[in-house]
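Each remark here refers to the structure printed beneath this line.
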Amino acid sequence: MKVPRVCLFLISASVLMAQLCAARGQAQNSDPNQGNAVQKRPAGPPGMPPGRPPGRPAPARPAPPRPVPPPPAVRPGSPYSFRPGDRDRMRRYYRRNLGYINRSRRPHFVVGGYIPLGYRGYFRPVPPHLLGYLPPPPPGYMMGYFDGYCVVYHPTTFAIVGYVDLLN
């Protein structure tokens, strides 16, 4: 009797399945603590409890905020003041520059405030021959010109102790 190939294949597949099920049953019966329990996951990296997948690393902590420089020592009365004729003398010296200033984009300075970070590189020192006509700035302070302002400031903290607006 000739058996078709399809039948032989099905018989051999069913025999293999029976052998696999029998082998599995013997493995389950060999462990008395395990009935219909869920299979355990393999242990994770050392230091982690078994069965738990390793989590994501903790996010990095943000950098601490930069310290704010202390306010100027003297706020109520300015340690520097310009005389009445100083504004006119500086206006005559800087008259060529005053026509090119965009008045709508000028910064506003305040005694006791700070020079904004974006403007610090544009300050130019007042020339020595003009400084000879002005009262000397306090020790450790500088006098600079920017966009129609003549400002007396500290070169490290950029704290403003006095200014003159040459356009008003």
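General remarks:
- Among the residues of this structure, ASN33 does not count as one that is at negative phi and either in contact with a Ser or Thr (Cβ under 9 Å, 6 or more places away or on another chain) or modelled with pLDDT of 80 or more (or both).
- In a residue-by-residue description of region 145-157, the property of being among the polar types (S, T, N, Q) and touching a strand residue (DSSP E or B) at 6+ places or on another chain (Cβ under 9 Å) applies to at least one position.
- Just one of the numbered conditions (1) modelled with pLDDT of 90 or more; (2) over 36 Å from the mean Cα position of the chain (by Cα) is not true of GLN39: (1).
- Qualifying residue in region 76-91 (condition: modelled with pLDDT under 95, aliphatic (A, V, I, L, M), closer than 19 Å to LEU166 by Cα and assigned to a helix (DSSP H, G or I)): yes
- The residues of region 101-147 that are surrounded by 10 or more Cβ atoms within 10 Å (Cβ to Cβ), assigned to a helix (DSSP H, G or I) and hydroxyl-bearing (Ser, Thr, Tyr), listed by number, are TYR119, TYR122.
The values are calculated or read from the model by the stated rules, or taken from the named source; none is laboratory data. Just so we're clear, the structure is a prediction, and the values are computed from it rather than from any experiment. Virtual Cβ from ideal backbone geometry, glycine too; neighbours counted across all protein chains shown.
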